[in-house]
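Dumping the structure here so I can ask a few things about it.
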Amino acid sequence: MMVPTERALHEAIQVAPLDLPDDVKRQKIENLLAQMRLSGATARKIQKVFLSEMNKGIHQQDSSLQMENTYIPELPDGTEEGLFLALDLGGTNFRVLLLELVHGVIVREDVKKYHIDAHLRVGSGIPLFEYLAECVSDFVISEGLQDVELALGFTFSFPMIQHSLDVGILVTWTKSFNCPDVVGKDCVALLEEALERRGDTRVKVVAVLNDTTGTLLQGATQDPETAIGLILGTGSNACYLERADKVEHWEPERHGEREVIIDIEWGAFGDNGVLDFIKTDFDRQNDANSLLVSSFTFEKYISGKYLGEVVRCILVKLSKDGLLFTRETPESLLIPGNFLTDYISLIEQDTVDGGSTNAKEVLSKFNIIPDEDDLKIIQYVCEVASNRAALLVSICVATLLDHMKREEVTIAVDGSLYKHHPRLQSWMKQYISLLTPARKFKLMPTQDGSGKGAAIVAAIALRLKKRLESAK
Ligand code: BGC
C-alpha cells in the first residue's frame, strides 16, 4: 500500500484528464501521451539517481553531473566597492555592462545589448571572440573609459572546467552555440587575447562565472538565506553553496575556505544513460532535431530552447495519426523549431483563464483554424509537457535541499521560461514541498544575476586578492 505522503505526491503530479466527447479518441491520445507522464514512484527513482550522480560528481567519479568548483568561497557582504565591467554571454544577445558598487549596492548601471548573428554562433570561434572584444571596446569607448583600468567579470553560461576563478575551459557548447575549436580552450584567455589584439582598452578579466552563480550572488544581496541559484530559461542549470571540505577538485592553494559555490551543470544529467527510463519517442526526436545531438539530455526535457519542440513533435504525431486537425498536418508545423516555448506559456495562460484566445492566435501562425477538440488537445499537450518539466526541475531542487541539509534555503531563480510560464512557479512550489516536506525553502525571482552578479564576483575577486596579498 502507498504511504499517504507518497499518495499525495503521486496525485499532485497528475494532470487533469483530457475532456473529449469521443471516448475512443480521448483514450488513444492519453495512451500516446502516457510516456510523458511520470508516477510518484518514478519521481522518487529520479531523485535517487540525481543524488547518486551528484555524489559521484563531487567525488570526481564518472558522472553526468560536473559539480564544478567555481572558486567563489563567499557571498557579498556589503563591502563591494568600485566600477566594474560585466559581460553576459549565453543567449543570442550579448550584453556589456558597466556597474558601480558602493557598500555592496549597485548605484550605477549602463547596459548595451549586442546581437550575435547565427554565423558567429556556429563555426570557428575566432570571429566570435573577435566580435566580443569589438563590442567590449565599442562600449568602453562610448563610456569614455578607454584609458581606465577596468576589472571585468565574464558571465559565460556554458559548462566549464575551472582551474581557478579566472580560468574557464569550455567543456561543450550548449543552446544555440557550436564553435568546436573553442572546446577545451580557456574562454578568458580567448577574450583577453582578442582584447589585446585590438589594444584600444585597458580591460582585465578577473573572474569567469556561470549565470546561475551570478543569480545566487545577486539573490544573496536581497536575502541572506540564498544558497541556490537556478536558471530556467533557454537553458537550465543550478548552483549551490557546498561545504568546502567536501569538494575534492580544488586546484589553487586553499585558504581555510568554509564554503564554495558549486556549479552542478544539470543540463547534462542523463548524458550517460542514467535517465533513459524516462526518455520518450518525442524526446528522441527532439534530440535528433537539435544542434548538439546526444548531449544535454536533461536540458532537452525542461528548458525553453527545447520544450516547444517536444510539444511540436507530439502535435505532429497526433495530427499524422488522425487525432488532431481535420486537414493534413500543416507544412509549417513540420519544421523543427517552429513551435516556440513561448507559445506553450501563452496556451497555458488560456488554461488558467479558461479561454482559448491565445491558442487560436498561435495556431493561426500555422494557418490552422482549430475546432473545439483541437483546442482541448493542444492545451492538454502543453500542460503535460510543461508539467513534466516542472516536476523534473522540482525533483532536482528537492534532492539538492536534502543534500544541503540547511535550516532554510532561499532559491534565487531567473530565466525566461520561469518568468513567462503562468503555472511553473506554483507547480514547483507544490512539488518541492511534497518531495521534501521537512525542508523550508523559498523561490525568489531574481533579476539579471548574469549581469549584476558578474560585477559582484569581480568585486569579490579583488577583495580575495587583496586579502591574500596583505596576509603575505
Ligand atoms: C549551460 C549552463 C547555463 C544554463 C542556463 C546551459 O545550457 O550549460 O552553463 O547555466 O544553460 O543558461
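The values are calculated or read from the model by the stated rules, or taken from the named source; none is laboratory data. For clarity, every value in this text was computed on a predicted model and none was experimentally measured. We place every Cβ from the backbone using ideal geometry, glycine too, and count neighbours over all the protein chains shown. Note: accessible area is taken over every heavy atom of the protein model, side chains too, but ligands, DNA and RNA are not part of it. Shrake-Rupley method; radii C 1.70, N 1.55, O 1.52, S 1.80 Å.
Residues of segment 369-400 with amide nitrogen under 11 Å from the 7 Å Cα-to-Cβ point of S39?
Those under the cut-off are none; the list is empty.
Only sites in a loop by DSSP and with at most 11 other Cβ atoms within 10 Å count here; which GluC sites (Glu not before Pro) in segment 115-174 make the cut? Write down the numbers at each step before the final one.
Working: sites: E130, E134, E143, E149; in loops: E143, E149.
Answer in residue order: E149.
As an exercise, use a Förster radius of 51 Å and the Cβ-Cβ distance of Q146 and V293 to find the FRET efficiency, rounded to the nearest 0.05. The partial results should precede the final answer.
Working: r = 43 Å, r/R0 = 0.85.
After rounding to 0.05, the efficiency reads 0.70.
At 7 Å along Cα-to-Cβ for each site, give me the label-to-label distance between R7 and E30 in nm.
With each label placed 7 Å out from Cα toward Cβ, I get 2.0 nm.
When DSSP beta bridges are limited to those with both residues in the chain, what percentage is antiparallel, rounded to the nearest 5?
About 60 percent, rounded to the nearest 5.
How far is it, in nm, from the label point at E81 to the one at K113 when both lie 7 Å from their Cα along the line to the Cβ?
Result for the modelled spin labels: 3.5 nm.
Is the C-alpha gyration tensor of segment 45-165 telling us rounded, prolate or oblate? Criteria: a/c under 1.5 is rounded; beyond that, a/b larger than b/c is prolate, otherwise oblate.
It comes out oblate by the Cα gyration axes.
Give, rounded to the nearest 20 debye, the magnitude of the charge dipole that the chain has about its Cα centre when Lys and Arg contribute +1 at Cβ and Asp and Glu contribute -1 at Cβ.
Details: 50 positive and 69 negative charges, 187 e Å.
Here the chain has a charge dipole of around 900 debye.
Nearest 10 degrees is fine. How inclined is helix 307-320 to the longest principal axis of the chain, computing both from alpha carbons?
Rounded to the nearest ten degrees, it is 20.
Any idea what the relative contact order of the chain is, in percent, if you count C-alpha pairs under 8 Å spaced at least 6 apart?
Relative contact order comes out at 20 percent.
Quick one: work out the % antiparallel among DSSP beta bridges in segment 72-209, nearest 5. Mind showing how you got there, number by number?
Details: 22 of 35 bridges.
Just about 65 percent of them are antiparallel.
As a test of the formula, what do you get for the chain when each DSSP H run with n ≥ 4 contributes -39,500 (n - 2.57) and the sum is divided by the residue count, at 222 nm and rounded to the nearest 500 deg cm²/dmol?
-14000 deg cm²/dmol
Next question, about the same structure. What does the charge dipole of segment 72-209 about its Cα centre add up to, to the nearest 20 debye, if the Cβ of each Lys and Arg holds +1 and the Cβ of each Asp and Glu holds -1? Don't jump to the answer; show the numbers that get you there.
Details: 11 positive and 22 negative charges, 109 e Å.
The dipole of segment 72-209 has a size of about 520 debye.
Mind grabbing the accessible area of R202 for me, 1.4 Å probe, Å², rounded to tens?
Using a 1.4 Å probe on the heavy atoms, I get roughly 120 Å².
Sorted by average packing, counted as other Cβ atoms within 10 angstrom per residue and highest first, what order do 346-355, 404-413, 113-122 take?
So the peptides 346-355, 404-413, 113-122, ranked by packing, come out 404-413, 346-355, 113-122.
Further question on the same structure: Where in segment 89-133 is the amide nitrogen less than 20 Å from a point lying 7 Å along the Cα-to-Cβ axis of E196?
Backbone N within reach: 125-133.
Hey, which of these cross-link pairs are over 25 Å Cα-Cα: K112/K365; K48/K440; K279/K365; K28/K320; K185/K279?
Flagged as over cut-off: K112/K365; K279/K365; K185/K279.
For E257 and Q14, calculate 0.36 nm times their separation in residues minus their Cα-Cα distance, and state this gained length in nm to one decimal. Intermediate results must be reported in sequence, preceding the final value.
Values: separation 243, 0.36 × 243 = 87.48 nm, distance 4.40 nm.
Additional length available on full extension: 83.1 nm.
DSSP loop trypsin sites (Lys or Arg not before Pro) in segment 351-402 with at most 14 other Cβ atoms within 10 Å of their Cβ, which ones?
Values: sites: K360, K365, K376, R388; in loops: K365.
Passing both the DSSP loop test and the Cβ count: K365.
Does the chain come out rounded, prolate or oblate by the C-alpha gyration tensor, with a ≥ b ≥ c the root eigenvalues, rounded set by a/c under 1.5 and, if not, prolate when a/b is larger than b/c and oblate if not?
It comes out prolate by the Cα gyration axes.
Please give me, ordered by residue number, the trypsin sites (Lys or Arg not before Pro) of segment 312-355 that lie in loop per DSSP and have at most 16 other Cβ atoms within 10 Å.
Numbers: sites: R312, K317, K320, R327; in loops: R327.
When the trypsin sites (Lys or Arg not before Pro) of segment 312-355 are filtered for loop state and at most 16 Cβ neighbours within 10 Å, R327 remain.
Using Cα atoms only, what is the angle between the long axis of helix 449-471 and the major principal axis of the chain, expressed in degrees (0 to 90) to the nearest 10?
That works out to roughly 30 degrees.
Pull out a ≥ b ≥ c, the square roots of the eigenvalues of the alpha-carbon gyration tensor of segment 115-178, then state rounded if a/c is under 1.5, prolate if not and a/b is larger than b/c, and oblate in the remaining case.
The shape class here is oblate.
Hey, another quick one. Work out, step by step, the length gained on full extension between E328 and H163: first 0.36 nm times the residue separation, then minus their alpha carbon distance; give nm to one decimal.
Stretched out fully, the E328 to H163 stretch lengthens by 53.9 nm.
Round to the nearest 10 and give me the degree value, 0 to 90, for the angle of helix 187-198's Cα axis relative to the longest principal axis of the chain.
60
Could you compute the net charge surrounding K204? Neighbours are other residues with a C-beta less than 11 Å from the C-beta of K204; K and R count +1, D and E count -1.
Residues near K204 contribute -3 overall.
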